[in-house]
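Novice: Starting off with a structure, shown below.
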Amino acid sequence: MKMKAMVYKGPKELRIEEVKVPEVGERDVLVKVKYCGVCGTDIHIYQGDGGSFEVTPPLIMGHELSGIVEMTGSKVTKVKKGDLVSIDPNDMCGECYYCKNAMEQFCQNNIGYGTTVNGGFAEYIAANEKQVFKFEEGTDALTAAMAEPLSCCVHGIDLCNIKVGDEVLVIGGGPIGLIMMQLAKKSGASKVILSEPVAEKRELAVRLGADLTIDPLKEDIETILEKKCKNINTVIECVGNPKTIESAIHLAGKGATVMLFGLTGPDAKINVKPDEIFKKELSITSSFINPYSFERAISIIESKGINVTEVITDIVGLENSISVFENPEYRRKGKVVVKMY
């Protein structure tokens with residue numbers, strides 16, 4: 001049996017091809033993919049920079065997905081045919097040093113759907129039952145496809161250690177920045193500020209709960225923060241650009257946590273003044289994938305705790321999906337999701 005898939009052949013080389021539908025083992029679930037989001041990691045892989053894990057083409061990318069269970073292996077008990085599900089793409093071994101010491105994100109034998117093995121830019125995907133998460137009946141499939149990026153954001157927010165009453169600056173109003181902004185509010189921040197040069201993204205941020213938005217290209221962000229805030233307790237950098245990372249460190253208040261969430265190229269470097277870090281007693285941290293947070297992301301989606309669908313700007317069919325990678329205008333607008341059927 002054949003299916004259509006977008007296959008990564010190497011840097012800047014993608015093709016829509018017919019490939020075999022994946023086989024289903026006794027513990028596997030075959031999912032008919034409904035939606036699969038395009039992640040920054042996918043773009044980095046396409047451009048030849050690699051992703052979170054080593055990538056070997058040919059590969060079907062895609063790890064932000066939702067779909068309907070089509071078939072289950074003989075020993076599967078969690079889900080049944082017809083269930084709406086998402087897949088946690090990071091399948092950890094549970095046996096290595098890191099897995100046994102509560103650091104499973106650094107698993108030495110990780111299987112990554114869409115990175116080390118075939119993923120969701122295809123009509124079907126097969127995954128181990130333990131990686132498959134079922135949604136409540138009535139959940140929207142498009143919303144369900146946002147479970148994976150939301151789970152990564154949940155892990156990042158955990159590491160920010162936001163306290164009730166804190167002031168939080170988010171740099172970058174893309175899909176991740178807008179999700180982080182909402183999670184910061186839910187975590188108890190009294191004031192959340194978004195720095196973003198695109199007017200439409202700033203307007204959306206206000207609708208989603210931003211207390212203040214700033215255009216860093218036309219406004220003096222440092223002066224505005226001094227007037228409007230007492231102390232920026234947390235800065236969440238969601239761009240992945242050396243300049244915005246340097247700005248995040250500079251704009252952080254005393255005793256602040258600086259979360260470097262945006263994904264840079266592997267060879268990117270920043271200029272940092274250690275004296276500034278020392279005098280403000282900054283904690284600089286980062287967030288790698290989504291350990292122990294997928295179930296919580298499902299709960300947030302089911303409870304409608306935050307809005308994850310307004311950050312989606314384009315839905316394209318599989319037949320047009322390569323253009324998302326070739327045309328940067330798609331990515332500048334916001335989150336792009338590929339619709340399989």
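Novice: Which of the following residues is modelled with pLDDT under 95 and under 15 Å from G112 (Cβ atoms): G62, G51?
Specialist: On the way: G62 fails: modelled with pLDDT under 95.
Sole residue among the options that is modelled with pLDDT under 95 and under 15 Å from G112 (Cβ atoms): G51.
Novice: Provide a single number: the residues in the stretch 38-71 that are small (G, A, S) and crowded, with 24+ Cβ neighbours inside 10 Å.
Specialist: Restricting attention to the stretch 38-71, the residues satisfying the condition of being small (G, A, S) are 40, 48, 50-52, 62, 66-67.
Narrowing the set further to residues that are crowded, with 24+ Cβ neighbours inside 10 Å leaves 62, 66-67.
The number of residues fulfilling the criteria is 3.
Novice: Return the total of residues in the stretch 273-328 being over 30 Å from M3 (Cα atoms), of a type in the set (D, E) and surrounded by 12 or more Cβ atoms within 10 Å (Cβ to Cβ).
Specialist: At the first step, the residues of the stretch 273-328 found to be over 30 Å from M3 (Cα atoms) are 273-288, 291-293, 296, 299-300, 302-307, 310.
Next, only the ones that are of a type in the set (D, E) stay: 275-276, 281, 302, 310.
With surrounded by 12 or more Cβ atoms within 10 Å (Cβ to Cβ) added as a condition, the list becomes 276, 302, 310.
Here the count works out to 3.
Novice: Go through the stretch 222-269 residue by residue and tally those that are free of Cβ contacts under 8 Å to residues at least 40 places away in the same chain and outside any loop (DSSP other than H, G, I, E, B).
Specialist: 14
Novice: Among the residues of the stretch 37-73, which ones are of a type in the set (A, V, I, L, M) and not in a loop (DSSP other than H, G, I, E, B)?
Specialist: Taking the stretch 37-73 as the starting set, the residues that turn out to be of a type in the set (A, V, I, L, M) are 38, 43, 45, 55, 59-61, 65, 68-69, 71.
Scanning the stretch 37-73 gives I43, I45, L59, I60, L65, I68, V69, M71.
Novice: Working carefully through the options K75, K34, find the one that is of a type in the set (K, R), closer than 18 Å to S321 by Cα and either in contact with an Asp or Glu (Cβ under 7 Å, 6 or more places away or on another chain) or in the same structural domain as A127 (by TED's automatic domain parsing) (or both). Break it down stepwise before answering.
Specialist: Details: K75 fails: closer than 18 Å to S321 by Cα.
Going through K75, K34 in turn, the sole match is K34.
Novice: Name the residue that is surrounded by the fewest Cβ atoms within 10 Å (Cβ to Cβ), counting only residues in the stretch 89-132 that are charged (D, E, K, R) and touching a residue at least 24 places away in the same chain (Cβ under 8 Å). Outline the logic, then answer.
Specialist: Just the residues of the stretch 89-132 that are charged (D, E, K, R), to begin with: 91, 95, 100, 104, 123, 129-130.
From what's left, touching a residue at least 24 places away in the same chain (Cβ under 8 Å): 91, 104, 123, 129-130.
On the way: D91: 19, E104: 19, E123: 20, E129: 17, K130: 13.
Here the answer is K130.
Novice: Further question: Say we look at the stretch 285-300 and pick out the residues that are part of a loop (DSSP other than H, G, I, E, B) and hydrophobic (A, V, I, L, M, F, W, C); which of these is nearest to T264 (Cα to Cα)?
Specialist: Among those that are part of a loop (DSSP other than H, G, I, E, B) and hydrophobic (A, V, I, L, M, F, W, C), it is F288.
Novice: Cβ contacts < 9 Å: first residue at positive phi, restricted to the stretch 192-221; second residue charged (D, E, K, R) and surrounded by 19 or more Cβ atoms within 10 Å (Cβ to Cβ), any location; separation 6+ or different chain. Result?
Specialist: G209/K185
Each row is one residue, and each column tells you yes or no for (1) under 19 Å from E167 (Cα atoms); (2) at pLDDT below 95; (3) touching a strand residue (DSSP E or B) at 6+ places or on another chain (Cβ under 6 Å).
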| site | (1), (2), (3) |
| --- | --- |
| T223 | yes, no, no |
| V235 | yes, no, yes |
| T244 | yes, no, yes |
| M259 | yes, no, yes |
| P266 | no, yes, no |
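Novice: Oh, and also: Could you list, in sequence order, the residues of the stretch 1-36 that are among the aliphatic types (A, V, I, L, M) and part of a strand (DSSP E or B)?
Specialist: Initially, the stretch 1-36 is screened for residues among the aliphatic types (A, V, I, L, M), giving 1, 3, 5-7, 14, 16, 19, 21, 24, 29-31, 33.
If the condition is that a residue be among the aliphatic types (A, V, I, L, M) and part of a strand (DSSP E or B), then M3, A5, M6, V7, L14, I16, V19, V29, L30, V31, V33 are the ones that fit.
Novice: Condition (residue is modelled with pLDDT of 95 or more, farther than 23 Å from S151 by Cβ, of a type in the set (D, E) and within 21 Å of the chain's Cα centre (by Cα)) applied to the stretch 319-326: is it met by at least one residue?
Specialist: yes
Novice: Got a number for residues in the stretch 303-339 being part of a loop (DSSP other than H, G, I, E, B) and within 19 Å of I176 (Cα to Cα)?
Specialist: Within the stretch 303-339, the first condition is being part of a loop (DSSP other than H, G, I, E, B), and the residues that meet it are 303-311, 321, 327, 334.
Then keep just the ones that are within 19 Å of I176 (Cα to Cα); that gives 304-311, 334.
Qualifying residue count for the region: 9.
Novice: Show the residue pairs meeting these rules: Cβ distance below 8 Å; 6+ apart or different chains; first residue within the stretch 318-336 and on the phi > 0 side of the Ramachandran plot and in the same structural domain as K12 (by TED's automatic domain parsing); second residue part of a helix (DSSP H, G or I) and of a type outside the set (F, W, Y).
Specialist: The qualifying pairs are G334/P175; G334/K201.
Novice: Could we say that I277 is more than 24 Å from E104 (Cα to Cα) and outside any loop (DSSP other than H, G, I, E, B) here?
Specialist: Details: more than 24 Å from E104 (Cα to Cα): yes; outside any loop (DSSP other than H, G, I, E, B): yes.
Yes.
The values are calculated or read from the model by the stated rules, or taken from the named source; none is laboratory data. Being a predicted model, the structure only gives us computed values, none of them experimental. Neighbour counts are summed over all protein chains in view; Cβ atoms, including those assigned to glycine, are modelled from backbone coordinates with ideal geometry.
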